[in-house]
Structure formats: structure tokens, C-alpha cells
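Every number in this text was worked out from the coordinates using simple rules, so none of it is lab data. These numbers were taken from a predicted model, which means no experiment stands behind them. Cβ placement follows ideal geometry from the backbone for every residue including glycine, while neighbour counts extend to all protein chains displayed.
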Amino acid sequence: MITETQKQKILGAIAANRANYPSDAKHAASLGITTSVYSAVKNGQTDKVLSDANWIGIARRLGVNLRGGMEWKAAKTATFEYITSQLEISQKSCLSAILCDVPNIGKTFTARYYVQTHRNAVYIDCSQVKTKLKLVRKIAAEFGVDSKGRYADVYEDLVYYLRSIETPLIILDEAGDLTYEAFLELKALWNATERCCAWYMMGADGLKEKINRSIECKKVGYTEMLSRYGDRYSKVTPDDGKEREAFLMTQARIVAKANAPEGADIAQIVRKTRGGLRRVYTEIEKLKMATV
């Protein structure tokens, strides 16, 4: 059962997310609730206005940790600065790009953080919506466009909306998980929103290999799609092994300094994590739990 404390936490996230939408109606649609329910929630009403399932769905959509996890501050690592800069340029100029880099360097965190602070930008975890239908419906839902009707109508409404708002940006994380049909639909969407919408695709080295292999095998659509995303793969980590290790350790140190408890041994945290940012989170969580 969702507690009142958890509901208040979700209400705070709803209020913070409102700035990213042009109207209450679009924001309500993106959250999957009616405008009347949205109005009640916006005014602070929590009793019997939503089911627990609805509260949980909104919490998931907005990234609210219902367990009451620790606060995590954004640290301006090289990855954070690089991706943020690329996203800002892409959105401002309606350009598209692909980032392919090693995992566990903060790509997803940066992308999620960006959409929280920029209007008309949405984040899509493609590993959760691998097929064409699920992907397009998810994108539509994130923008507050009706995603429940006939697929053809959802597609057309989404294209119309993307062409009518100011500099929309769609971030496609874990893009290597998408099916072939989904990739082809992305090409069609790009064509339909050319010069009106920015697309930013992210993934690990497997995404680059998948695209290159498909191009070598002359699979229809991949050459054209890569061309639409700038004909190149962006990367932030160095290629040289020793340089990459130093890069990762530096990032871990920056993140640890921003989030570790006062007096924590930063050097020890970094040594334990070997530069992996998920491990940094785990080690700091252990330290904070030990002080409770």
C-alpha cells in the first residue's frame, strides 16, 4: 500500500516535472491520468483520487524511489559534460547523433537528468520497448499524445505534435535492443520530422557493431539511418587502455566526492570501484547505512 509520505514524494516529482510540458492536459496525458484527476492531484488531494497502481505507475514514470533511497547529486564528470553538451546542441539545432561507449560511465544518469531540466525532451529506455509498436506508443505517451488508439492514428498524431512544438528531443537509450522493424520505423519518423525534431541514440559498443554489421550485410535501412544520425559514432572514453582506466578512476573520484558522507575515504572508495559508477553508488550506500 502506498503511504501518505510516498504520495507526497510523488506529488513533488509531479510538480517538478510540470515545467517540461506546455499544458496541464499534456502533462496529465503523459502521466496516464485524466485532466480532472490531475487537477485534484495538483491541488494536493491524495485521498481516494488515485489507485495504488496509478501512484506506482506515476512514480515509475518520474523515477521516484519509493524505498526512500539516498539522495544522489549530479557530478560534473567528463561524461556528464560531454553528453549534456551534445544534447543541448542537438535539441537547439534539431540535429541527431549516436553515442556508443562502454557501459557504467553515467550515460543513462546524464540523459535522465537532462530531460528533468529541459522542456520538450523525453527519455526512452529501448530495452523496455523493443518492438515498433511499443516504441512509438511509448514516445507518444511521454509527450502526452494519446497512445491507446489505432497504431496508425498514434503515429500520425505523434508526427503532427513533434512538428508543432518547439525543438523536441527524443533520447533513445539501449538502442541496440531494438528490433529491425523498430529501426526502420525510427528512420521513417526521422524523415517525417526532419528539421523539426532531434534524435539522440545511445548504447554500448554492441550498438555500433550491430549497425556496422547490418550495413556490411546490406540490410535495408541501416545506411540511411546512420546518415541521418550524422554518419559517425560519438565517444567520450579514451581508446588507449591505460588512459581509459585513468579516465574512469577520475570520474569515480568526482562522483564519490559529490555524494560520499563527510569524512569518507574517497581514495578507498575509488580503489574498490575500479572506476565503475554503479559500484560507487553501492559503496556510498553502504557507508551511509552504516552511519544510520
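Given the pairs 132/218; 138/218; 130/210; 107/219; 130/219, which span a C-alpha to C-alpha distance of over 26 angstrom in this model? Numbers along the way, then the final one.
Working: 132/218 21 Å; 138/218 29 Å; 130/210 15 Å; 107/219 28 Å; 130/219 19 Å.
Correct reply: 138/218; 107/219.
Near residue 204, once Lys and Arg are set to +1 and Asp and Glu to -1 for all other residues with Cβ below 13 Å from its Cβ, the sum equals -2. Relative contact order, whole percent, for the chain stands at 21, derived from Cα pairs under 8 Å and 6 or more residues apart.
Cα gyration tensor of the stretch 1-64, axes a ≥ b ≥ c as square roots of the eigenvalues: rounded (a/c below 1.5), prolate (a/b > b/c) or oblate?
Numbers: a/c = 1.62, a/b = 1.38, b/c = 1.18.
Because a/c hits 1.5 or more and a/b exceeds b/c, the stretch 1-64 counts as prolate.
May I ask you to list the GluC sites (Glu not before Pro) in the stretch 137-230 that are in a DSSP loop and have at most 13 other Cβ atoms within 10 Å of their Cβ? Hits after loop and neighbour filter: 166, 194. Would you kindly state the longest site-free stretch of the chain, with sites defined as trypsin sites (Lys or Arg not before Pro) in a DSSP loop (not H, G, I, E, B) surrounded by at most 13 other Cβ atoms within 10 Å? No qualifying site falls inside 77-147, the longest such stretch.
Other residues with beta-carbon under 15 Å from the beta-carbon of residue 163 carry, at +1 per Lys or Arg and -1 per Asp or Glu, a net charge of -3. Near residue 56: Cβ cut-off under 13 Å, other residues only, Lys/Arg at +1 and Asp/Glu at -1. The net charge is +4.
Give me the base-10 log of I(q)/I(0) for the stretch 182-282 at each q in 0.17, 0.20 Å⁻¹, Debye formula, one uniform scatterer per Cα, rounded to two decimals. Here the Debye-derived log intensity ratios amount to -0.83, -0.94.
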